[in-house]
Amino acid sequence: MKLSKKGEYALRSLIDLGIAAAVGRELVQVTELADKEVIPAKFLEQIMQELKGAGLVVAQRGKFGGYRLARPAAEITIGAVIRFIDGPLAPIGCVSHTAYEKCSCPDEEHCGLRMLMLDVRNAIAGILDRYSIADVVEVTLRKLRRDALPLPFAAPRGPARGQSAAKPAARARRVSSRASAAEARRLAPVEGLLSELLPDYTI
């Protein structure tokens, strides 16, 4: 499996829409997504139309229109998005569960190469189907809050009267520090997965 640029852009955009939803933003325009991720807007618009056709995003037209996720981020797995954009996860067709193709091997049942590639396919699918857009959004937001950075797509808020700007950041760090250790351990593999899948996606 090799993640194409198209697949990478689709995932990054879906993650951004998940972040927007998490911070209370209903719609995000393509130009905003393109600017944030440094993606050509026309190419991204084509991708968003494909995601819309797949039922992954919903579009609203008009001056204040944009895109949002068509269903909860927890219901969209990374594996499903990659399969839709780039095809099967299997390295060779004879081990694919979704797009099986018979190969030229004369004895498929006892082919050692097929056995190896089946293990590879299962390992890849096991990871990519385990994590959802919501998992990646959670890791991203947790790291942004930990580092007291502004959340993408969130409306800027100034400090309350008599309150220094440093206090919200300190409070965010305290909230982050109280996060469940078990939840952090559960999502730790997502961070490694992101660094491999989306090398340009900074979290």
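List of remarks:
- Any hit, the stretch 87-107, residues being among the acidic types (Asp, Glu) and part of a helix (DSSP H, G or I): no
- Of the criteria (1) of a type outside the set (D, E, K, R); (2) exposed (fewer than 15 other Cβ atoms within 10 Å of the Cβ); (3) modelled with pLDDT of 95 or more, which one Leu17 fails: (2)
- Cβ-Cβ distances below 8 Å connect the following pairs, each with a first residue in the stretch 3-19 that is over 15 Å from Val38 (Cβ atoms), a second residue that is of a type in the set (S, T, N, Q), and a separation of six or more residues or different chains: Ile19/Thr140.
- Exclusive hit being of a type in the set (A, V, I, L, M, F, W, C), within 21 Å of Leu14 (Cβ to Cβ) and modelled with pLDDT of 85 or more, set Val139, Val120: Val139
- Pick from the stretch 1-36, criterion basic (Lys, Arg) and not in a helix (DSSP H, G or I), ranking: farthest from Val57 (Cα to Cα): Lys2
Conditions tested, residue by residue: (1) closer than 22 Å to Val139 by Cβ; (2) in contact with a strand residue (DSSP E or B) (Cβ under 9 Å, 6 or more places away or on another chain); (3) in contact (Cβ under 8 Å) with a residue 40 or more places away in the chain; (4) surrounded by 14 or more Cβ atoms within 10 Å (Cβ to Cβ).
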| residue | (1), (2), (3), (4) |
| --- | --- |
| Glu26 | no, yes, yes, no |
| Lys52 | no, yes, no, yes |
| Glu101 | no, no, no, no |
| Pro106 | no, no, no, no |
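- Some residue of the stretch 73-85 being charged (D, E, K, R) and not in a helix (DSSP H, G or I): no
- Counted residues, the stretch 51-67 - those being assigned to a strand (DSSP E or B) and under 14 Å from Leu33 (Cβ atoms): 4
- Candidates Arg83, Arg146, Arg121, filtered to the one that is closer than 29 Å to Asp16 by Cα and in contact with a Pro (Cβ under 9 Å, 6 or more places away or on another chain): Arg121
- Some residue of the stretch 39-47 being at pLDDT 90 or above, under 14 Å from the mean Cα position of the chain (by Cα), farther than 20 Å from Arg121 by Cβ and not in a strand (DSSP E or B): no
The values are calculated or read from the model by the stated rules, or taken from the named source; none is laboratory data. Keep in mind the model is a prediction, meaning the values are calculated, not measured. Using ideal geometry, Cβ is built from the backbone for each residue, glycine included, and neighbour counts are taken over all protein chains shown.
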